Amino acid sequence: MADNDHIPNMRNIIKMFEARTTIEDVCTEETATDTEISERANGSEGEQLVGGSNPAADFEALIERLERVTARLERLPVLSARPLTPPQSPALQSPDPQSKAPTPPLEALELPETPAVDNMSVNGYQDLMQGPLRTYLELSQQIGGDVATHANLVNEAFQAQLRYIQLAQSRSKPSQAEEVQLLAPTSEKISAIQQFREKNRVSSFFNHLSAISESIPALGWVAVSPTPAPYVKEMNDAGQFYTNRVLKEWKEKDKRHVEWCRAWVQLLSDLQAYVKQHHTTGLVWSGTGAGAPPPPPPGGMPPPPPVLPEADFANLSVDDRSALFAEINQGEGITSSLRKVTADMQTHKNPTLRQGPAPFKAAHSAPAPAPTKPLPQPGAGQLDKPPVFARDGKKWLIEYQKGNSNLVVENADMNNVVYMYRCRDSALTVRGKINGVVLDSCTKCAVVFDNLVSSVEFVNCQSVQMQVLGKVPTISIDKTDGCQIYLSQDSLDVEIVSSKSSEMNVLVPKANGDYSEHPIPEQFKTVLNKPPTGLTTTPVENKG
C-alpha cells in the first residue's frame with residue numbers, strides 16, 4: 001500500500017511534464033491553435049487516468065504515459081535555448097498592464113541608429129564642430145576647472161544636435177508630438193548646461209558659465225520658423241553681456257580668457273551663417289524615409305486636349321504679299337474708301353449719342369475684371385491686430401504700432417533687447433544702455449537710443465531712420481530700402497554691414513553741428529585676378 005500512496009504524486013508530476021512538453025511541441029508548429037494547446041495540456045487524447053480500483057493497472061498506465069513524455073522530450077529542441085513563451089490569443093492574454101513590454105528609451109530608438117548621411121547640410125555642421133567648436137573646447141580645457149566641465153556639456157549638446165540634423169536628412173518631417181520627443185536629448189543637454197551654472201554660483205568662473213548658459217538656447221533654432229537665423233543672433237547678443245564682463249576681468253590677467261570669449265562668439269556667429277545658408281526658413285527635412293506617403297491627386301487623369309480642325313492650305317494664294325504692297329503703294333488713294341465723320345456723328349456735339357451703347361461695345365456690359373491684389377509691403381499687413389508694448393523677460397516687444405511717435409523704453413537693463421515688429425509711422429526712444437535694438441518689417445519708423453552693447457539691426461524695412469546719441473558698435477541692414485543713419489562723435493568707429501538693401505546714407509556730424517552725408521554703395525564690380533588667384537570686388541562709383 002505504500003507504493004499505492006505514491007501513485008497520486010506520480011500522476012501530478014507526469015501531468016506537469018505532459019503539459020510542459022505539449023505546450024513546447026505545439027509552439028513549434030505553425031498551424032497549432034489555442035484549442036490544441038489546451039486539449040493536449042489537459043490530456044484530451046484519452047491519456048488521462050480515471051481513478052480505478054486496480055492499483056497495478058494504474059501503475060502500468062502511469063509508466064506508459066511517462067514513456068510517451070520521455071519520447072516527446074527527445075523529439076523537441078533544447079528547451080534552454082529559448083523560454084517557454086507560447087503565442088496567446090487575446091482571450092488568454094493577461095489584463096495586467098505590468099505584463100506589457102517596457103518601452104525602450106528614445107536614444108535607443110532613433111538617435112544612435114541614425115544612418116550617416118552625406119550632404120551639404122550635415123557636412124557644413126560637421127565643419128562647424130571641427131572648426132570653431134574645437135577651438136572653444138581646447139581653450140576651455142586650457143582654462144580648466146568649471147569652464148572645462150561646462151565645455152564638455154556644450155560638446156554633448158552639439159553632438160545631440162548633429163544626430164538630429166542627420167535624422168532630418170534621412171526621413172520626412174515628423175508630427176509635432178514625435179518632434180518633441182526627438183528634440184528631447186538636445187533639450188536635456190541645454191537644461192544641464194543651465195543647471196550647472198545655477199549650482200556653481202560661487203565659482204570664480206561664474207561669468208564664463210553665465211555667458212554660455214545665456215546663449216546656449218541658440219541650439220533651439222531647429223524648432224524656429226520661418227527665420228531661425230535672427231534667433232541665433234539674438235541669443236548670441238544675450239550672451240555677450242557676460243563675455244564683456246569676462247574681458248573686463250581677465251584681459252590684463254590671462255589672454256587665454258580673451259581668446260575663449262572670441263572663440264565662443266565666433267562659434268555662434270558661424271552657426272548663424274550656417275543656418276542662414278542651409279536652413280533659411282527652418283530645418284529642412286528630406287521628405288523621404290519614414291512618414292506617410294503623399295495622397296494621390298484628386299480625380300482621374302485630365303481629359304486630352306481637343307483635336308484642332310484640319311486647315312485647308314490648298315486655297316492660299318502665294319501672291320498675297322504682293323497685293324498688300326500694291327495697296328500700300330497707292331499713296332493718298334489708299335484713304336479713298338474711308339467715310340468722313342460728319343458733325344451729326346460726333347458725340348461731343350451730340351450728347352444724345354452717348355446715352356446708348358457705343359458702336360464698338362456690345363449692348364450688355366461685360367463684367368468688370370477682378371481688381372488685382374497689390375503686392376504685400378513690409379509693415380503694411382496685419383495692422384488690424386491690436387498694438388503691443390510689453391516686456392517679456394529680457395525682451396521688450398513693440399508690435400503693430402501705427403502713427404505713434406511717443407514710444408519710450410525706460411529703466412531697461414543692460415542685457416535687454418528691444419524688438420520692434422510691423423510698426424508704421426511711429427518713433428521709438430530708448431533711454432539708457434541696453435544690449436541691442438531690432439526693427440523687423442517696419443515702414444516709415446524712426447528709433448533714437450543712447451548706448452548699445454552689441455548692435456542695431458534693420459530687417460525687411462522701408463524708409464527707416466536711426467540716431468545714436470552715444471556709442472553703438474555695429475549696424476546691420478538686411479533687405480531694407482531707405483535707411484538714414486545719424487551718428488554721434490562717439491560712434492565714428494562703427495561697423496556697418498549691409499546686404500540686399502538700397503538707398504542707405506550715413507550722416508556724420510561736423511564741428512558746426514551740421515551733418516555730412518555719405519551714401520553706402522549698392523553696386524559692386526568684381527574682376528578676376530591675373531594670375532587667377534581669386535576675385536577682387538570694389539564698389540562702383542556713380543560719376544553722373
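The values are calculated or read from the model by the stated rules, or taken from the named source; none is laboratory data. Just so it is clear, the structure is predicted and the values come from calculations on it, not from any experiment. We place every Cβ from the backbone using ideal geometry, glycine too, and count neighbours over all the protein chains shown. Keep in mind that these areas ignore ligands, DNA and RNA; they rest on the heavy atoms of the full protein, side chains included. Shrake-Rupley method; radii C 1.70, N 1.55, O 1.52, S 1.80 Å.
Please report the spacing between the Cα centers of the stretch 137-185 and the stretch 462-478 in Å, no decimals.
35
Could you look at the stretch 120-279 and say what percent of its accessible area is carbon and sulfur, using a 1.4 Å probe and all protein chains?
Roughly 48 percent of what the probe reaches on the stretch 120-279 is carbon or sulfur.
What would the Debye equation give as log₁₀ I(q)/I(0) for the stretch 388-538 at q = 0.10, 0.12, 0.17, 0.20 Å⁻¹, counting only Cα atoms as equal point scatterers?
Relative scattering, expressed as log10 I(q)/I(0), comes to -0.38, -0.52, -0.94, -1.24.
Residues of the stretch 482-517 with amide nitrogen under 17 Å from the 7 Å Cα-to-Cβ point of Leu535?
Hits in the stretch 482-517 for Leu535 at 17 Å: 498-501.
Can you work out the PRE-style zone for Leu507? Point 7 Å along Cα to Cβ, and I want the residues of the stretch 441-473 with backbone N under 11 Å.
465-468
Given points 7 Å out from each Cα along the Cα-Cβ axis, report the Ala326 to Lys199 separation in nanometres with one decimal.
Each label point lies 7 Å from its Cα, and together they span 10.5 nm.
To check you understand DSSP bridge types, tell me what percent of the beta bridges within the stretch 388-538 (both residues inside) are antiparallel, rounded to 5. Working shown, then result.
Values: 14 of 65 bridges.
Approximately 20 percent, going by the DSSP bridge assignments.
Ignoring ligands, DNA and RNA, what percent of the accessible area of the stretch 388-538 is carbon or sulfur (1.4 Å)?
Exposed carbon and sulfur together represent 48 percent of the surface.
Would you mind calculating the relative contact order of the stretch 388-538 from Cα pairs under 8 angstrom and at least 6 residues apart, reporting the percent as a whole number?
Taking the mean separation of contacting Cα pairs over the length of the stretch 388-538, I get 12 percent.
Which whole-number percent of Cα pairs in the stretch 120-279 have a distance greater than 25 Å?
Values: 3481 of 12720 pairs.
Cα-Cα pairs in the stretch 120-279 separated by more than 25 Å: 27 percent.
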